[in-house]
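K.L.:
This is the structure I want to talk about, given as structure tokens.
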Amino acid sequence: MNGQGTGNDGGTSDGRGASEPDYGDTWVYESIVSALPGIELSNRAAVALQLGLFQVGLLLLAAVYDVWSAALAGTAAVVVAAGGSVLMLRLGTLVRSVSVSSSYRRMLFGSSVEVVLSVLAFIALVTYLFVVDPRQSSTPLLSELFGEEPPMVTIYFALLVLWDLCYRIGTSWWIAVVSLWRTVRHPADAETAATLRRVDRLNVGFAVLQLLLIPFVRSHPSLIVALTGHVLAVTVVSGLSYLIAGRSGTSST
């Protein structure tokens with residue numbers, strides 16, 4: 001890939017487009033969706049499938065094991081994760097539709113740093129849920145949601161949803177950092193800057209969507225601080241990228 005957006009514009013926002021992007025020019029999530037054997041999914045269909053499978057699984061487990069106390073919180077997590085998928089697919093289409101530096105595209109798609117950040121976030125969350133929270137709270141979050149002796153399969157499913165959520169959050173971190181770096185290091189023309197500013201707006205929008213989770217952790221200050229701190233950090237960094245790109249795009253006209 002030469003990083004100049006030729007031949008890989010991704011088509012419309014809800015489809016694959018006429019030309020498939022190379023795997024080195026996609027998110028890990030996009031590569032997995034594209035690699036499903038015998039299945040061709042538009043972006044909308046991929047998100048709908050993710051949302052449907054997780055939500056059906058969540059409701060089925062809530063009914064079988066009578067853990068309806070976890071159903072609403074689980075639904076919020078599934079919705080936020082699906083919002084992250086929309087962000088990744090739409091952002092990938094936008095970035096591949098314009099001429100940007102190859103180093104930016106390699107950092108964004110090819111480095112897999114978002115996976116590393118996601119793993120770190122997931123390990124931190126698991127450590128909190130199974131070690132820190134039981135020591136700090138008289139009623140740990142998992143006990144609130146699943147009871148004192150939660151069925152193993154419900155915890156397995158919950159961790160699967162939480163990993164999906166952490167992956168989107170890690171990706172959001174990386175989008176913000178790389179966008180600010182790109183804006184400072186590689187100023188764009190007005191038309192390209194306008195498209196890339198949409199990337200920043202999408203990222204801030206996804207960060208704000210994560211505030212849906214706040215009501216379900218309101219009795220756990222550590223999680224509230226971590227979540228609101230993340231949202232604030234992404235908003236500030238993406239906001240700076242947005243403002244700088246606007247100025248550089250104006251000056252180049």
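The values are calculated or read from the model by the stated rules, or taken from the named source; none is laboratory data. Not measured: the values here are computed from a predicted model. Note that we place each Cβ from the backbone using ideal geometry, even for glycine, and neighbour counts take in every protein chain shown. Note: areas computed on protein heavy atoms with side chains; ligands, DNA, RNA excluded. Shrake-Rupley method; radii C 1.70, N 1.55, O 1.52, S 1.80 Å.
K.L.:
Identify all residues within the range 215-228 that are in a helix (DSSP H, G or I) and open to solvent by less than 40 Å² (accessible area, probe 1.4 Å); write none if there are none.
P.N.:
Going through the range 215-228, the residues in a helix (DSSP H, G or I) turn out to be 215-217, 221-228.
Of everything in the range 215-228, those that are in a helix (DSSP H, G or I) and open to solvent by less than 40 Å² (accessible area, probe 1.4 Å) turn out to be 217, 223, 227.
K.L.:
I'm checking my understanding of the structure. Among residues of the range 160-210 that are within 16 Å of residue 92 (Cα to Cα) and of a type in the set (D, E, K, R), which one is surrounded by the most Cβ atoms within 10 Å (Cβ to Cβ)?
P.N.:
Only one residue tops the list, namely 200.
K.L.:
Just for the range 230-251: of the residues that are out of contact with any helix residue (DSSP H, G or I) (no Cβ under 7 Å at 6 or more places or on another chain) and modelled with pLDDT of 95 or more, which one is surrounded by the fewest Cβ atoms within 10 Å (Cβ to Cβ)?
P.N.:
This residue is 232.
K.L.:
Residues in the range 52-68 that are open to solvent by 70 Å² or more (accessible area, probe 1.4 Å) and either in contact with a helix residue (DSSP H, G or I) (Cβ under 9 Å, 6 or more places away or on another chain) or not acidic (Asp, Glu) (or both): how many? Quick ask: steps written out before the conclusion?
P.N.:
Here is the first cut: in the range 52-68, the residues open to solvent by 70 Å² or more (accessible area, probe 1.4 Å) are 53, 56, 59-60, 64-66, 68.
Now restrict to residues that are either in contact with a helix residue (DSSP H, G or I) (Cβ under 9 Å, 6 or more places away or on another chain) or not acidic (Asp, Glu) (or both): 53, 56, 59-60, 64-65, 68.
The total comes to 7.
K.L.:
Related question: Just give me the residues in the range 138-185 being of a type in the set (Phe, Trp, Tyr) and more than 20 Å from residue 121 (Cβ to Cβ), in sequence order. Write out each step before concluding.
P.N.:
Going residue by residue through the range 138-185, those that are of a type in the set (Phe, Trp, Tyr) are 146, 156-157, 163, 167, 173-174, 181.
Those that are of a type in the set (Phe, Trp, Tyr) and more than 20 Å from residue 121 (Cβ to Cβ): 146, 181.
K.L.:
Does at least one position in the range 59-74 carry a residue that is in contact with a Lys or Arg (Cβ under 8 Å, 6 or more places away or on another chain) and under 30 Å from residue 219 (Cα atoms)? Explain how you work it out, then say what you get.
P.N.:
From the range 59-74, those in contact with a Lys or Arg (Cβ under 8 Å, 6 or more places away or on another chain) are none; that's our starting set.
No, there is no match, as no residue in the range 59-74 is in contact with a Lys or Arg (Cβ under 8 Å, 6 or more places away or on another chain) and under 30 Å from residue 219 (Cα atoms).
K.L.:
Looking at the range 101-110, can you tell me whether even one residue there is part of a loop (DSSP other than H, G, I, E, B), more than 30 Å from residue 71 (Cα to Cα) and not aromatic (Phe, Trp, Tyr)? Break it down stepwise before answering.
P.N.:
Applying the first criterion (part of a loop (DSSP other than H, G, I, E, B)) to the range 101-110 yields 101.
Remaining after also requiring more than 30 Å from residue 71 (Cα to Cα): 101.
In the following step, the residues that additionally are not aromatic (Phe, Trp, Tyr) were identified as 101.
Looking through the range 101-110, at least one residue is part of a loop (DSSP other than H, G, I, E, B), more than 30 Å from residue 71 (Cα to Cα) and not aromatic (Phe, Trp, Tyr).
K.L.:
Moving on. Answer with yes or no whether residue 156 is assigned to a helix (DSSP H, G or I), of a type in the set (Phe, Trp, Tyr) and modelled with pLDDT under 95.
P.N.:
Numbers: assigned to a helix (DSSP H, G or I): yes; of a type in the set (Phe, Trp, Tyr): yes; modelled with pLDDT under 95: no.
Criteria not met by residue 156.
K.L.:
So, one more: I need a count of the residues in the range 119-154 that are in contact with a Phe, Trp or Tyr (Cβ under 7 Å, 6 or more places away or on another chain) and surrounded by fewer than 18 Cβ atoms within 10 Å (Cβ to Cβ). Spell out how you get there, then give the answer.
P.N.:
Filtering the range 119-154 for residues in contact with a Phe, Trp or Tyr (Cβ under 7 Å, 6 or more places away or on another chain) gives 122, 151, 154.
When the remaining residues are screened for being surrounded by fewer than 18 Cβ atoms within 10 Å (Cβ to Cβ), the result is 151.
Adding up the residues that qualify gives 1.
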